Each structure stands twice: as C-alpha cells, then as structure tokens.
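*Asks:* I'd like to ask you about the structure that follows.
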C-alpha cells in the first residue's frame, strides 16, 4: 500500500507523509476534513447517511460542518481505517468496482454478513482486513 494511493482514496490535496503508522497517528490527531470524508464516501460508493451509519458521527453533524472542518481523532482514525481497507481491497481484487461488489455482498467467511456492515466497528474492520488477506493468499473459508 503506497502513501500515494492512501492519499488519493482520502482525497488529501496537501503534501503529507503517510510512510509509517506514526504518520497515520499524526494525521488522525490533526483530523481529516469533511471534504476528505465526502471523498472517501465517493470511493466507497456511499451516501452521507450511509457514512454516518459506519462512522462515530451523526449525519446532521456531517451536514452542518463546512468542507474544511476537521473531525476529531476518533472519526479521523476510522476514516483512515476505511481508506486502508479500500486500498487493500482494490489491490486484492484488482479493480475498485470488484472490491465494492464484494464489500456489499454477503460473505460466507464473515458469517454471511456483508463486509460493509462490519465497518462500523474496529473489530469488524479487522475481520474485513483479515478476510482480504485470506482472499489474496487463496485461502477460501
């Protein structure tokens, strides 16, 4: 996963280093903007209400903020996790469209839940990342 891909998925316009997890921590501390949240929603093919279901923030709060408003650390770190999953899923499936189709379909290895439905939880995001790793290595559950 490259810094460039992660920044592209998040729609980060400014020059920022994402080379290490420490950089990710710093970015989470600084906060991601509403514009970056909306860009991430577009990458996942989700609406604002759907993003609000996944993130620890209400739809009303998202709508109320201006494009440059920075979200708190919790929301920002969750967005970073979603970006990581999006980049990883696109790498594994080869095309974003194939990854999005998988994300929105029931997955037997995830208890017949849609991977998207698990992204509202830190534990769920870990399960989705683990499953992407198994798919990449040809391990079918």
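*Asks:* Residues that are buried (at least 20 other Cβ atoms within 10 Å of the Cβ) and within 14 Å of the chain's Cα centre (by Cα): does region 57-72 have at least one?
*Replies:* no
*Asks:* Among 129, 98, 110, 82, which is modelled with pLDDT of 95 or more and crowded, with 20+ Cβ neighbours inside 10 Å?
*Replies:* Just one listed residue meets the conditions, 82.
*Asks:* Are any residues in region 130-141 in contact with a helix residue (DSSP H, G or I) (Cβ under 6 Å, 6 or more places away or on another chain) and either touching a residue at least 40 places away in the same chain (Cβ under 8 Å) or not in a loop (DSSP other than H, G, I, E, B) (or both), and if so, which ones?
*Replies:* 131, 132, 135, 136
*Asks:* Now, a different point. As an exercise: evaluate residue 27 against (1) within 20 Å of residue 67 (Cβ to Cβ); (2) touching a helix residue (DSSP H, G or I) at 6+ places or on another chain (Cβ under 6 Å); (3) touching a residue at least 40 places away in the same chain (Cβ under 8 Å) and give the number of the one condition it does not meet.
*Replies:* Among (1) within 20 Å of residue 67 (Cβ to Cβ); (2) touching a helix residue (DSSP H, G or I) at 6+ places or on another chain (Cβ under 6 Å); (3) touching a residue at least 40 places away in the same chain (Cβ under 8 Å), the lone unmet condition for residue 27 is (2).
*Asks:* Let me spell it out: the conditions are (1) surrounded by 15 or more Cβ atoms within 10 Å (Cβ to Cβ); (2) under 25 Å from residue 136 (Cβ atoms), and residue 23 meets all of them except one. Which number is the exception?
*Replies:* Looking at each condition in turn, residue 23 falls short on (1).
*Asks:* On to the next question. Could you grab me the full set of residues in region 9-22 that are under 13 Å from residue 84 (Cβ atoms) and part of a helix (DSSP H, G or I)?
*Replies:* If the condition is that a residue be under 13 Å from residue 84 (Cβ atoms) and part of a helix (DSSP H, G or I), then 9, 10, 21 are the ones that fit.
The values are calculated or read from the model by the stated rules, or taken from the named source; none is laboratory data. Since we're looking at a predicted model, the values are computed, not measured. Cβ: placed from backbone, ideal geometry, glycine included. Neighbour counts: every protein chain shown.
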